[in-house]
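Worksheet for the structure shown next.
The values are calculated or read from the model by the stated rules, or taken from the named source; none is laboratory data. Because the structure is predicted, anything quoted here is derived from the model rather than measured. Note that each Cβ is placed from the backbone with ideal geometry, even for glycine, and that neighbours are counted across all protein chains shown.
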Amino acid sequence: MGAHHPECAERLDAIQDRLIASGLDAYLQFHDAPLAERVQLERVHPRSYIDQLESQRPTQGIVHLDPDTAMCPGTWNAALRSAGAGCLATDLVMRGDVASAFCAVRPPGHHATRDRAMGFCFFSNVAVAARHALAAWGLQRVAIVDFDVHHGNGTEDVLANDERVLMVSIFQHPFYPYCGTENPAANMCNVPVKAGTRGEEFRRIVSEIWLPRLRDFQPQMIFISAGFDAHYEDDMASLGLLESDYAFVTEQIMQVADEFAQGRIVSMLEGGYALSALGRSAVTHIKTLAGL
């Protein structure tokens, strides 16, 4: 997205380097993300938006879609692969090839609305994956857990009032994108938190608000918008989570998945911009998902 932009290629390097340094990479299967198919994208985004986005990709240089979100010549395929990763991960988990999956993707997706790219995001990756699970695999109920520090306004825009989907989330408020608190749809469990919130309050929200809603819903598969920018080292925001908090929430999600969803979880990277904290937190999350 241009020099000095926080959504940079080094984010994925930080995760991969930490996987190698921890020795965890030897225990994982690795898959290359495919390009998302049009039918998969059109379950979430209008054809006119997809066509418009494709037409805006530059042949050279950088084109800004808004002050935060830019395209270079490789962005279009990268965005297609980010969305395609969630669909492949869903297929792998549903076939029983793997118990769960983590998609180390960029660009992220949870700010992309039905017809607008914003907040570094182009396609609503987790919504594409969730709708793929419903359409291609015949599931009746899927849940999305979003613990990114920013509200997943794009996911909410796409899935609000879809009774087949429950979304539970936390986000710093007031903070970008300055929404999520006014009259959310019945299938949205949005929990805004103040700047300075630490792990104890986060764990209370998970235990007392999220888990009862998830268990009442009885999801057949769980998707995670795994943003790690609520970490105390990440200066993109002002929360104070630690690696242990990400391990805790992952464990709690896994328990619900084991109860209702045959353990099926697909997690997709969203934010996280302090590179060391991102690497440590993502690897803690992956290690917990893998049961290692």
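Listed here are the residues, each with its yes/no results for (1) among the aliphatic types (A, V, I, L, M); (2) within 30 Å of residue 196 (Cα to Cα); (3) in contact with a strand residue (DSSP E or B) (Cβ under 9 Å, 6 or more places away or on another chain).
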position: 76; (1), (2), (3): no, no, no
position: 102; (1), (2), (3): no, yes, yes
position: 108; (1), (2), (3): no, yes, yes
position: 128; (1), (2), (3): yes, no, no
position: 131; (1), (2), (3): no, no, yes
position: 146; (1), (2), (3): no, yes, yes
- Item | In the range 29-51, the residues that are in a helix (DSSP H, G or I) and either at pLDDT below 95 or surrounded by 15 or more Cβ atoms within 10 Å (Cβ to Cβ) (or both) | 40, 41, 49, 50
- Matching entry among 130, 117, 136 (being surrounded by fewer than 19 Cβ atoms within 10 Å (Cβ to Cβ) and closer than 18 Å to residue 41 by Cβ): 136
- Message: If I go through the range 1-28 residue by residue, how many of them are assigned to a loop (DSSP other than H, G, I, E, B), within 19 Å of the chain's Cα centre (by Cα) and surrounded by fewer than 16 Cβ atoms within 10 Å (Cβ to Cβ)?
- Response: 1
- Task: Answer with yes or no whether residue 84 is more than 15 Å from residue 32 (Cα to Cα), more than 12 Å from the chain's Cα centre (by Cα) and not aliphatic (A, V, I, L, M).
- Result: no
- Exception for residue 207 within (1) in contact with a Cys (Cβ under 8 Å, 6 or more places away or on another chain); (2) farther than 26 Å from residue 113 by Cβ falls at (1)
- Message: Looking at the range 131-144, I want the residues that are of a type outside the set (Phe, Trp, Tyr) and have a partner that is modelled with pLDDT of 95 or more and in a strand (DSSP E or B) with Cβ atoms under 6 Å, at least 6 apart or on another chain. Which pairs are those?
- Response: 133/142; 142/165; 143/166; 143/222; 144/167; 144/223
- Message: Quick check on my filter: what residues within the range 233-248 are more than 22 Å from residue 177 (Cβ to Cβ) and either of a type outside the set (Asp, Glu) or assigned to a helix (DSSP H, G or I) (or both)?
- Response: 242, 243, 244, 245, 246, 247, 248
- Note on the structure: How many residues of the range 233-262 are hydroxyl-bearing (Ser, Thr, Tyr), in contact (Cβ under 8 Å) with a residue 40 or more places away in the chain and touching a strand residue (DSSP E or B) at 6+ places or on another chain (Cβ under 9 Å)? The answer is 2
- Message: Can you find, within the range 257-288, the residue that is nearest to residue 224 (Cα to Cα) among those that are in contact with a His (Cβ under 8 Å, 6 or more places away or on another chain) and assigned to a helix (DSSP H, G or I)?
- Response: 281
- Filtering the range 224-249 for residues that are surrounded by fewer than 24 Cβ atoms within 10 Å (Cβ to Cβ) and either at positive phi or at pLDDT 95 or above (or both) leaves a count of 12
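In the range 186-222, which residue that is of a type in the set (D, E, K, R) and touching a residue at least 12 places away in the same chain (Cβ under 8 Å) is farthest from residue 255 (Cα to Cα)?
So the residue we want is 194.
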- Residue count, the range 136-161 (criterion: out of contact with any helix residue (DSSP H, G or I) (no Cβ under 9 Å at 6 or more places or on another chain) and of a type in the set (Gly, Ala, Ser)): 2
- Task: Pick out the one residue from 171, 123, 217, 175 that is among the aromatic types (Phe, Trp, Tyr) and closer than 19 Å to residue 242 by Cα.
- Result: 171
